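Single-structure report; data block below.
Any read-out appearing in this document is the output of simple, stated calculations on the displayed coordinates, not a laboratory observation. Model, not experiment: these values are computed from the prediction. Don't worry about glycine lacking a Cβ; one is built from the backbone with ideal geometry, like all the others, and counts go over all protein chains shown.
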Amino acid sequence: MTRISLTVDGEKVSDDIEARMLLVQYLREKVGKTGTVIGCDTSNCGACTVHLNGQSVKSCNVLAVQADGGEVATIEGLATNGELHPVQTAFRECHGLQCGFCTPGMIMQSIDLLANNPHPTEEEVRVGLEGNLCRCTGYHNIVRAVMYAAEHGSSDSVQSEGASA
């Protein structure tokens, strides 16, 4: 067993874990952040995307011990005082989801994309979301949602709490 300590959605957590535990498993099983979805376990779908130290990562491809001492932001940590994050609002306004399975990862990746490129073109959005799969929407409304967020949110407001641009 290995002891890790990190901050998840602004809360300090410490646990003894097996060294081989994936970050996605840690978040779901130990911290209770079930909004971080296990999709494929191969890093192909991106449903498990979270922010680690301000950068989006596929948490099925990161060992929890690699996050030791770091800051993790999940989909559940985005809303502030009952207000949705601007990218969450954009997804709602533009119907950027259907079944919702890919949505947490899409939103987390979109926030990272907008933090690095506050005014992307449609093509830049499509390239920026390449590593996240959606089997329902055909991506049109997801791209619209990211463009909406870019248009309606400032570069500061599209970053997740604790993320650095």
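Applied to the range 86-100, the Karplus parametrisation 6.51 cos²θ - 1.76 cosθ + 1.60 on θ = phi - 60° returns per-residue 3J(HN,Hα) values of x, 6, 4, 4, 4, 4, 5, 5, 9, 6, x, 8, 10, 6, x Hz, with x for Gly and Pro. For the chain, a Gaussian network of Cα nodes joined below 10 Å ranks ASP16, ASP112, ASP68 by mean-square fluctuation, and the top entry is ASP16.
Pop the C-beta distance of ASN44 and HIS140 into the FRET formula with R0 = 25 Å and round what comes out to the nearest 0.05.
Approximately 0.70, to the nearest 0.05.
Using only alpha carbons, the chain has a radius of gyration to Kirkwood radius ratio (Rg to Rh) of 0.96. Per-residue ellipticity at 222 nm from helix content only, as computed over the chain with -39500 (n - 2.57) for each DSSP H run of at least four residues, stands at -7500 deg cm²/dmol.
Amide hydrogen proximity for THR2: with H placed 1.01 Å from N in the peptide plane, the residues at 5 or more positions away or on another chain lying under 5 Å are ILE17, GLU18, ALA19.
The range 62-83 and the range 102-139 have Cα centres spaced 19 Å apart. Comparing GLN88, GLN25, GLN66 in a Gaussian network model of the chain (Cα springs below 10 Å), the most mobile by mean-square fluctuation is GLN66.
In the Gaussian network model of the chain, springs joining C-alpha atoms below 10 Å, which of VAL143, VAL125, VAL13 carries the largest mean-square fluctuation? Per the Cα network of the chain with a 10 Å cutoff, VAL13 tops the list.
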